[in-house]
1. Add -39500 (n - 2.57) for each DSSP H run of 4 or more in the chain, then divide by its residues: what number comes out at 222 nm, to the nearest 500 deg cm²/dmol?
2. Pull out the extension gain between GLU10 and PHE143, defined as 0.36 nm times the separation in residues minus the alpha carbon to alpha carbon distance; nm, one decimal.
3. Along the positive direction of the dipole of the chain (beta-carbon charges: Lys, Arg +1; Asp, Glu -1; about the Cα centre), which of SER76, GLY6, TYR131 reaches farthest?
4. Can you give the local net charge around GLY48? Use residues other than it whose beta-carbon is closer than 13 angstrom to its beta-carbon, Lys and Arg +1, Asp and Glu -1.
5. Under a Cβ-Cβ cut-off of 15 Å, what is the net charge of the residues other than THR139 that fall near it, where Lys and Arg count +1 and Asp and Glu count -1?
6. Does anyone have the angle between helix 96-110 and the longest principal axis of the chain? Alpha-carbon axes, 0 to 90°, nearest 10?
7. By average Cβ neighbour count within 10 Å, what is the ranking of 107-119, 25-37 from highest down?
8. With the Cα gyration tensor of the chain giving a ≥ b ≥ c as the square roots of its eigenvalues, does the rule (a/c under 1.5 for rounded; else a/b larger than b/c for prolate; else oblate) give rounded, prolate or oblate?
Amino acid sequence: MSDTDGLRVEEVTPANVTAACRLSVRPDQQAFVAPVAWSLAEAYASPGVAWPRLICRGDDVVGFIMGSFDPGNEISFFRCGIWRLNVGARAQRSGVGRYAVRALLDEARRRGGTRATVLWVPAPGGPGPFYERLGFVQTGEQFQGETVGAIALDAA
């Protein structure tokens, strides 16, 4: 997937993993998302479920998204959705996050998904409004203090 802004999705490889691990969000956002290195460790431990991808512009890693595709999970909101989204501090407000989410939703559709979810910390400065602008709707569920949002993939 690519677009006119030169954004593209790439798999994490030995050639780009260091740049991926150096990606950092703004300091005020660090309480809302784990560092990329932690996410990659989770992906390594869940190879059949995790979908970690980098968002690149030119030679630069500007974002990271990790999806979960586990259709048999007993918890419905863990069957298909966003586990992590990190947008580099300098790349924010330039469409990187929106592009990353759309890439994940495209992958979910490709896999036959009809609904995707995301969890967020409901706090001032948190990512909830961002996800809601993209069409995610609060389900009324909470998980470990986080709000569950969902989007129908035919509407996204």
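1. Values: 4 runs with 37 residues, N = 156.
When only DSSP H runs of four or more count, the value is -7000 deg cm²/dmol.
2. Working: separation 133, 0.36 × 133 = 47.88 nm, distance 3.01 nm.
Gain on stretching GLU10 to PHE143: 44.9 nm.
3. GLY6
4. Counting the neighbours of GLY48, the net charge comes to -1.
5. Values: positive: ARG79, ARG115; negative: GLU132, GLU141, GLU146.
Residues near THR139 contribute -1 overall.
6. That works out to roughly 60 degrees.
7. 107-119, 25-37
8. Values: a/c = 1.38, a/b = 1.26, b/c = 1.10.
Taking the square roots of the gyration eigenvalues as a ≥ b ≥ c, the chain is rounded.
No value in this document is a laboratory result; all are computed from the given coordinates. Note that the structure is a prediction, hence the values are computed from the model and not measured. Counting neighbours? That spans all protein chains shown, and the Cβs are built from the backbone with ideal geometry, glycine included.
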